[in-house]
Amino acid sequence: MRYRDRSSSSSIFDPFSSNGYCIASTTLLLFFLSCFFTTQQVSASIHEYPNESFIRRSNSYFLHGGSEGLYASKPEVARVDTDTGEDRPLNGKSFIRFESVTFQRSKESAQNKNEMQQKTGLVEAIIVEVKDREKIGGSYLNSDAICCTPELAKDGSCKVGEVIIHHDPDNLNEPKRIQTFFEGQSEEAKMPTEVIEINKTGMYYLYFMFCDPELKGLIISGRTVWRNPEGYLPGKMAPLMTFSGVMSFAYLVLGLFWFLRFVRYWKDVIQLHYHITAVIGLGMCEMALWYFEYANFNSTGGRPMGITLWAVTFSAVKKTVSRLLLLVVSMGYGVVRPTLGGITAKVVLLGLTYFVFSEALGLVEHLGNINDFSGKARLFLVLPVSLLDACFIVWIFSSLSQTLEKLQIKKSMAKFALYRKFTNSLAVSVLLSIAWIGYELYFNAADPLSELWRRAWLIPAFWILLAYILLMVICVLWAPSHNPTRYAYSEETGEDLEEEGVSLTSSEVMVAGDLATIVERKERKVSSAVEPHVFGLGEDPEEDKRE
């Protein structure tokens, strides 16, 4: 059997060659260092209110101003200067700051007020920890009202025109209420710059509310600044920055070992090895970009569209390519069939569809989102992505079953053992995935208001870690070696090819049967080994006949 030497056709600029992969890894490392040293610390985690309107709820009007998991300020740290609004020193401080918050009422509403009257309209900003949400409204007074009415004010528990808040006798400052009044016939009321220090860890919600029906049509502009002791990254996302950095390093280590193996046996690599290299590179770039995205968010308080878009796109591409790699390997591509034949278009179509929905879901989840409380818009995209994942799983295991059957019929016991190990690994990963999906559904159902925000980072981290482990399994099973015939496709005539007693995964897995009893076989000559390719595969009439 003769294999074509591919070393002469590789170029130093080829991204899938060993030299190209080395250059790409070096470039990524330089990009990592440059981004690390050029990250600028700006002022705030910003929730913008660009002329937003209030909505009606019960007998009140409200606007959700933001929600984040905040850790308590560290002790023995100088307090924020409430007179100037300066937030120095920042390290160890946790707070919410109101900046340039302005309320604008309609001209008709302003003209209906007495010009000589000082307070002609009230808007309240209420900061409440999620576990204290029942302290807002009339639930304790057997009423669904949120604003105090004359009937509810009879016992003196609330003031007419204000939001009902039931204070804890031991802590009269929580929930926190900040009031802003309109004066006379003024159409505008500005909220003074105020800093609310957070001294208790929890999930905090900010609501802007008013009770006066004559203020209907009120709009708000300005912003609020939220900060945790270690930076502006919301508490729910903070562990993901560290996790992304660790996983980026893990991919770098895997890529280094793969690269050394790749260089050692570079004359015997097959096209499948290039695609595994590409997935490793994509994973490394994905985790590095997410680390930079979270680090930038932590230092500036905002999520620029550029870096977030790149991170989401790399993530979608990596997920798509990884699933396609699992699929074509399961089909025995390069082992029992040289091409995908007529199903190439179906594979590509499934991959493109998955990429589109995965990209859309990532953009909805991350682009511009600085809240720890996820919206419901993502639910419309989670379903198609989940269905496409199910399609991949069904197709992968169906293809594996057919591949194992073919290898068993052809008595290719070495390749059969290889695929059996791969099948067992996938089966374990699917069982773990099903168990984790059940836990995720339970977690989301039991925690609709993100009260368990400190554990929420484990949900996305599991899937990233599982994908990494599966990639490691593929790297071990299909590692480059001096004898690629153990997994490379070869043309077979009426008689079976002689199986070689080689290790499949650096273990002593011998070919079944006694080599001493093998009769002399006819010497065959193959012009070149067929190179597998994940994308752009043409139909092979001879393969279709064999199928």
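Restricting the calculation to Cα atoms, every distinct pair contributes to the Kirkwood radius of region 100-232, found to be 16.3 Å. With a/c under 1.5 counting as rounded, go ahead and sort region 404-485 into rounded, prolate or oblate using the C-alpha gyration tensor (a ≥ b ≥ c being the square roots of the eigenvalues; past the cut-off, prolate if a/b is larger than b/c, else oblate). It is oblate, given that a/c is not under 1.5 and a/b is not larger than b/c. Extending 7 Å from Cα along the Cβ direction at residue 356 and again at residue 401 yields two label points whose distance is 3.0 nm. Report the residues of region 234-248 in range of a label on residue 459: point 7 Å along Cα→C-beta, backbone N strictly under 19 Å from it. Inside the label zone: 234-244.
Here the label points at residue 144 and residue 299, each 7 Å from Cα along the C-beta direction, are separated by 5.0 nm in the simple model.
With the simple spin-label model, which puts each label point 7 Å out from Cα in the Cβ direction, the residue 116 to residue 216 separation comes to 3.0 nm.
The equivalent ellipsoid of region 154-253 has semi-axes of 39, 20, 12 Å, largest first, where each one is the square root of 5 times an eigenvalue of the Cα gyration tensor. Here's the list of lysines a cross-link from residue 267 could span, going by alpha-carbon distance under 22 Å and ignoring same-chain residues fewer than 8 apart: 415, 525. With R₀ fixed at 60 Å, the C-beta to C-beta distance from residue 160 to residue 409 puts the FRET efficiency at about 0.10. The order of 413, 209 by accessible area, most exposed first and with a 1.4 Å probe, is 413, 209.
For a test of the definition: using alpha carbon positions, the gyration tensor, and the 1.5 limit on a/c, classify region 245-354 as rounded, prolate or oblate. Oblate.
Computed 3J(HN,Hα) for region 380-391, one whole-Hz value per residue from the Karplus formula 6.51 cos²θ - 1.76 cosθ + 1.60 where θ = phi - 60°, is 6, 9, 5, 4, x, 5, 5, 5, 5, 4, 5, 4, glycine and proline marked x.
Estimated at the nearest 10 Å², the accessible area of residue 107 is 120 Å² with a 1.4 Å probe. Counting only protein heavy atoms and using a 1.4 Å probe, the accessible area of residue 47 comes to about 10 Å².
Over all other residues within a Cβ to Cβ distance under 15 Å of residue 423, the charged ones net out to +3, with Lys and Arg as +1 and Asp and Glu as -1. Highest-first packing order for the peptide set 225-234, 464-473, 199-208 is 225-234, 199-208, 464-473, based on the mean count of other beta carbon atoms within 10 Å. If the chain linking residue 365 and residue 430 were pulled fully straight, counting 0.36 nm for each residue of separation and taking away their Cα-Cα distance, it would gain 20.9 nm.
Remark: accessible surface ordering of 399, 157, 425 (largest first) is 157, 425, 399, probe radius 1.4 Å. For residue 200, the amide hydrogen comes within under 5 Å of the amide hydrogens of 73, counting only partners 5 or more places away or on other chains and with H modelled in the peptide plane. Residue 354 contributes an accessible area of around 0 Å² to the protein surface, as traced by a 1.4 Å probe with all chains present. For the set 346, 318, the ranking by accessible area, highest first and with no ligand, DNA or RNA atoms included, is 346, 318 under a 1.4 Å probe.
The values are calculated or read from the model by the stated rules, or taken from the named source; none is laboratory data. If you're wondering where the values come from, they're calculated on a predicted model, not measured in any experiment. Cβ coordinates were reconstructed from backbone atoms using ideal geometry, including for glycine residues, and neighbour counts include every protein chain displayed. With ligands, DNA and RNA removed, areas are computed over all heavy atoms of the protein, side chains included. Shrake-Rupley method; radii C 1.70, N 1.55, O 1.52, S 1.80 Å.
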